[in-house]
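Below: the structure, in structure tokens.
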Amino acid sequence: MNMPTQETIQTEQNHSQSLADNGMYVFMGDVDDENIKPVVEWVLYENYVTKKKKKELLLMICSGGGDMGAAFALIDVMMSSQIPIKTVGLGTIASAGLLIFISGTHGRRILTPNTSILSHQFSWYNEGKVHELFATMKEFELTQARMVAHYELCTGLGREEIRTNLLPAQDVWLSASEALALGICDDISVTPRG
């Protein structure tokens, strides 16, 4: 395995900064506190710190999912943004990554034609004493309820449709056109800007 050189790291940082300077952020990776923190900071900076407000932010997402707590931290910040956030799903958007994607501004959620979409029920592994597991079960139920409510808000589907089409017992893989029919995205395009 080759370690990235200092020059490669600097080039990647320059590209990321240039994108951010132009209102764009590329999120690729697991949804966890470490990876979500810079995205949260970017949205907050653009809303509350910079003097020159952008008309729209562009968040490109390719993520297999991850931690629901980290996902909902970003979702809440996105939903409170005064600047519209266009989301573009590419590659794979799955699980918590999908929940972040659908949080984009309605009318501005775009999937590229070859994007794979995965929706599934919340899963969580925990161990402990019985009383600890009962306490954990409460958070499990609250998280599942948050997911359903978020799908309702972002897709316009009813709870029964969500449970049938997006959160049944098995994983649900969707094409971009199937996602469009379910209100997960607003358009399918190869062009992220526009």
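The values are calculated or read from the model by the stated rules, or taken from the named source; none is laboratory data. Predicted, not measured: the structure shown is a model, and the values here were computed from it. Don't worry about glycine lacking a Cβ; one is built from the backbone with ideal geometry, like all the others, and counts go over all protein chains shown. Side chains included, ligands, DNA and RNA excluded: accessible areas come from the protein's heavy atoms. Shrake-Rupley method; radii C 1.70, N 1.55, O 1.52, S 1.80 Å.
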Inset, instruction - Tell me, yes or no, whether segment 58-72 has at least one residue that is surrounded by fewer than 15 Cβ atoms within 10 Å (Cβ to Cβ), part of a helix (DSSP H, G or I) and modelled with pLDDT under 95. - result: yes
Legend entry - Lone qualifier among Ser103, Ser95 - being buried (at least 16 other Cβ atoms within 10 Å of the Cβ), among the polar types (S, T, N, Q) and on the phi > 0 side of the Ramachandran plot: Ser95
Legend entry - Search result, residues across segment 166-194 that are assigned to a helix (DSSP H, G or I) and open to solvent by less than 20 Å² (accessible area, probe 1.4 Å): Ala176, Ala179
Legend entry - Single unsatisfied condition, Arg163 versus (1) assigned to a loop (DSSP other than H, G, I, E, B); (2) open to solvent by 30 Å² or more (accessible area, probe 1.4 Å); (3) not hydroxyl-bearing (Ser, Thr, Tyr): (1)
Legend entry - Criterion violated by Phe122 - all others in (1) exposed (fewer than 12 other Cβ atoms within 10 Å of the Cβ); (2) under 22 Å from Met79 (Cα atoms); (3) at pLDDT below 90 satisfied: (1)
Inset, instruction - Kindly indicate whether Gly89 is within 19 Å of Leu57 (Cα to Cα), open to solvent by less than 10 Å² (accessible area, probe 1.4 Å) and part of a loop (DSSP other than H, G, I, E, B). - result: no
